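J.: My questions all concern the structure below.
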Amino acid sequence: MATPPQPQQQGAGPYNPYAAPVPQQGGPAGPGYAGPQQGGAYGAHPEPGRYGCRLCGAWPAAHATVRGHQGLIVLMRFLSLRGPFCRHCGLATYRRMSSDTLWQGWWGPLSVFITPVTLLMNLGPRASFRRLGPPAGGYRPALDPGKPMWRRGPVLLFLAPVLLVLLGIPALIGVALLVGDSTPTLSVGQCVGDEWDGERLRLRVRDCGSPDAEYRVRKRLETSGDRCAPLDRVAGSEYGPGGSTRTCLTRLPR
């Protein structure tokens, strides 16, 4: 004689939180399921006046509302699903509605601001669900919570540009420091020459025997009474120590 099919115990199958039904009293009979529930639409609970999860009837359950948002360019939709939820059903609802909001919630002028608020509001219910113990006593298997948020496609697509920006800013700063303003600090006795950098002439340190060497650093103007020789060229303070001391340059003989 053929063995009758057994109900699945690993999860509740495909799930659309936006159309989640409110269970009727009782549940399907059969191995692995509790008998008819007498405690109302949310299933029986061992403590009088309390109910189990609205999706599977299990307890403990937390009263919390999970929210979602859809931006439709001109219009928008505010979604919500109110508990009570057990740990597994609550996390499944939170993860599905939040991940959907991450890619559906930005497509409108006001939705750009509403979406992050919605995601932050869902953190409270998430914390409530995580504090619950494993579900028990339901009339059907609890939902499979699925992958954590950080492993879901919409979250990765959302985080990728954010990470690029966060990592790119330090990289750009580092490149700017390396290839930016490379003004040398001149020392007495060095030889220098002019070089066009695309914006203006800048002094670059040269070998004194090089044909590009034009001046020798003769001295720094350390005090207000110091003066360069009449024919010397005065280099700006950006070439001195700390960018605050001018320098006297004497033209090399040719």
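J.: Separation of region 191-241 and region 81-108 by C-alpha centroid, Å?
T.: Here the answer is 67 Å between Cα centres.
J.: For region 190-254, rounded, prolate or oblate, judged on the Cα gyration tensor with a ≥ b ≥ c (square roots of eigenvalues), a/c < 1.5 rounded, else prolate if a/b > b/c?
T.: oblate
J.: Also, I was wondering about something else. Once amide H atoms are built 1.01 Å from N in the peptide plane, which residues 5 or more positions from Trp106, or in another chain, come under 5 Å H to H?
T.: Under 5 Å from the amide H of Trp106 lie the amide H atoms of Gly71, each far enough along the sequence or on another chain.
Bear in mind these aren't lab numbers, they're just calculated from the coordinates by the rules spelled out. Predicted model, so just to flag it, every value in this text is computed and none were measured.
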